[in-house]
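The next block holds one structure in the form of structure tokens; read it before the comments.
The values are calculated or read from the model by the stated rules, or taken from the named source; none is laboratory data. Everything quoted here is computed from the prediction, not taken from an experiment. Here the Cβ positions follow ideal geometry from the backbone for every residue, glycine too, while neighbour counts run over all protein chains shown.
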């Protein structure tokens with residue numbers, strides 16, 4: 001079992017159900033994503049524990065999340081409303097995960113990568129990758145831990 005895997009699954013399911021009314025299930029398969037079709041939302045955790053929590057979602061699922069969250073008709077989601085929806089989702093998930101990490105710690109504002117973009121977090125290593133599926137759409141939540149102080153030479 002990976003670091004905090006069962007807790008991440010539990011809180012992720014709770015947030016998706018409460019915020020969106022969506023049922024998600026853990027998925028044991030691989031999540032192969034391309035930056036061309038993936039939206040990433042991340043929050044950084046700083047304090048006694050330092051790292052990043054990232055949510056990787058296919059564009060079609062982001063569209064559905066945004067339409068549901070903001071009661072929009074199909075095709076009405078703008079890039080800004082998509083950022084707002086994913087920001088709210090990763091912020092709620094990140095807050096729950098942060099509460100399980102060594103304290104004190106704080107959460108950054110969300111960071112985004114839209115389709116065709118990617119994120120880089122130097123001096124980190126992925127310690128957990130939880131895959132899920134929502135209505136046939138696979139997605140992944142990963143936890144990255146800082147490996148050294150960026151100021152160290």
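Considering only residues of segment 34-57 that are under 14 Å from residue 138 (Cα atoms) and crowded, with 16+ Cβ neighbours inside 10 Å, which is farthest from the chain's Cα centre (by Cα)? Top of the filtered list is 38.
Taking segment 11-24 as the range and being loosely packed, with under 12 Cβ neighbours inside 10 Å and farther than 14 Å from residue 90 by Cα as the test, the residues that pass are 21, 23.
Segment 59-153 holds no strands (runs of 3 or more DSSP E) entirely within its bounds that carry 1 or more residues that are touching a helix residue (DSSP H, G or I) at 6+ places or on another chain (Cβ under 6 Å), surrounded by fewer than 12 Cβ atoms within 10 Å (Cβ to Cβ) and modelled with pLDDT under 95. In the set 45, 39, only one residue is within 19 Å of residue 11 (Cβ to Cβ), in a strand (DSSP E or B) and in contact with a strand residue (DSSP E or B) (Cβ under 9 Å, 6 or more places away or on another chain); that residue is 45.
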